[in-house]
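Down below is the structure, laid out as structure tokens.
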Amino acid sequence: MTRPSDLKDGVLVDGGPGRFGPYGGQYVPETLMPCLRELESVWLAARGDPAFLAELAELQADYSGRPTPLYRARRFEAACGGQARVWLKREDLNHTGAHKINNCLGQVLLARRMGKRRLIAETGAGQHGVATATVAALAGLECTVYMGEVDMRRQEPNVQRMRLLGAEVVPVLTGARTLKDATSEAIRDWVTNVAHSHYIIGSTVGPHPYPTMVRDFQSVIGIEARRQILEKEGRLPDAAIACVGGGSNAAGLFAAFLDDPVALFGVEAGGGAHGHSAALGLGTPGVLHGSYSYLLQDPDGQVVPAHSIAAGLDYPGVGPEHSHLKDTGRVTYDSVDDAEAQAAFGDLCRLEGIIPALESSHALAFCRRFLRDEAACARLRASRTVGLDGGPLVIVINLSGRGDKDMHDRNEMHDQDGGGHEQAR
Ligand SMILES: *Cc1c(COP(=O)(O)O)cnc(C)c1O
């Protein structure tokens, strides 16, 4: 098994709670174990505490703007061939522009309960860094955000946002200078400053309790979407689709539908000529950042850098729950490449007046491809409960974030491309 690449001198601790089948666990240095145990017990107490839940619900409603709407994208669905009614769960309308704030609001309340005065975070697209800097300001805590130098260039507006919000943004110059390297630096900081600092991991990754706890805080997406689709369509959707980086927006959406007869699709970044980020599709199980899960590694167990047009999907690992859902077959994982994601991005901009995040555009692109595939649609129809055979398919897509942050990135790509013409559409 792969050793955690960033914890070479640490003692590995196997077993314990937080397993999804064989995946998950707590592969961390001994020094972090008391802190993980404290976090677990504070979180378990909080999720059963009406005062905590009331405070979180108030912040979700009045600070972040929940519930986010479920919007029927009529012109987008027509462009997909008219086979389905396509509903977008508008997580892009959250305060700070993505689903990341759902997790940060929960974790900052836990940090306060633990008496921590400082937050640490890693960030790729910058969305999690902005969300963490935001809740740090809200709660009056110090904040340090680690960000790969490549991502800092790709996501310059978010770097400025974090600094405006009072956070220290630390450029990470090691490795591929993207999310994995930033995560390693954040863990190092945490090991050193664990007494007074809480590490807000931005996705359903890392050692237990993070994957379960983050899913818990993101499950508000699925709980709302399920209620909303029942109100609007009078029935459950045939399918729910979300992009998968570390897997938090997908886990949050899927959580409410796991026990329903709803087909679930997780979409990884297939990338392009420079590589991909499809840990589930093309990786093998190993240990990264404290947990056992599928990841991109070479035969010697060296982690292979991820690549995607979407900085938020550029992570070589994936949450352990998704590894288990892949193995059990409950969720189907697929990938779309950079060009398909860009084409779907353009579609949503021009057809719906919504600029989606490039990450979310992967889910949109998968939906488009799926609905243009007669055989795939027929299979989905055939799997339906008797009595619904005639009606159109109903699909829910999680629109995990808005795309303003990606404009700089897209311009840069067009410039490199030699003339600003539109790619892929
Ligand atoms: C961070 C991010 C993602 C990927 O993270 P998950 O944990 O897989 O959800 C997807 N979309 C947006 C908009 C993001 O900011």
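The relative contact order of the range 155-298 comes to 17 percent, based on Cα pairs under 8 Å that sit 6 or more residues apart.
Taking every DSSP helix (H) stretch of at least 4 residues in the chain, weighting each as -39,500 (n - 2.57) and dividing the sum by the residue count yields a mean residue ellipticity at 222 nm of -12500 deg cm²/dmol.
Angle of helix 100-113 to the longest C-alpha principal axis of the chain, folded into 0 to 90 degrees and rounded to 10: 30°. Which residue, 129, 206, 222, tops the fluctuation ranking in a GNM of the chain built on C-alpha contacts under 10 Å? Checking each option, the largest mean-square fluctuation is seen for 222.
With everything on Cα atoms, drop me the angle between helix 179-193 and the longest principal axis of the chain, reported from 0 to 90° to the nearest 10. Tilt relative to the chain: about 30 degrees.
Segment residue 57..residue 41, full-extension length gain: 3.7 nm, with 0.36 nm per residue of separation and the alpha-carbon distance subtracted.
Axis angle, to the nearest 10 degrees, between helix 358-371 and the longest C-alpha principal axis of the chain: 30 degrees. Can you give me the Cα centroid spacing of the range 358-387 and the range 90-166 in angstrom? What the calculation gives is 34 Å, centre to centre. When you filter the trypsin sites (Lys or Arg not before Pro) in the range 15-94 for DSSP loop state and at most 16 other Cβ atoms inside 10 Å of their Cβ, you are left with 47.
The listed peptides 354-365, 176-187, 130-141, ordered by packing as a protection proxy, come out as 354-365, 176-187, 130-141 (highest mean of other Cβ atoms within 10 Å first). If the segment from residue 373 to residue 192 were pulled out straight at 0.36 nm per residue, it would be longer than the present Cα-Cα gap by 60.0 nm. Once you order the gyration tensor axes a ≥ b ≥ c over the Cα atoms, which shape class does the range 261-305 get: rounded for a/c under 1.5, otherwise prolate or oblate by comparing a/b with b/c? It comes out oblate by the Cα gyration axes.
Build a GNM of the chain with springs between Cα atoms under 10 Å apart, and of 285, 299, 211 the one that fluctuates most is 299.
When only the Cβ of Lys, Arg, Asp and Glu is charged (+1, +1, -1, -1), the dipole of the chain relative to its Cα centre reaches about 940 debye. Compare the Cα positions of 126, 219, 243 along the charge dipole of the chain (+1 at Cβ of Lys, Arg; -1 at Cβ of Asp, Glu; about the Cα centre) and return the one farthest towards the positive end. Checked the options; the winner is 219.
Read-outs: derived from the displayed coordinates by stated rules, not from any lab. Because the structure is a prediction, the values reported are computed rather than measured. Note that we place each Cβ from the backbone using ideal geometry, even for glycine, and neighbour counts take in every protein chain shown.
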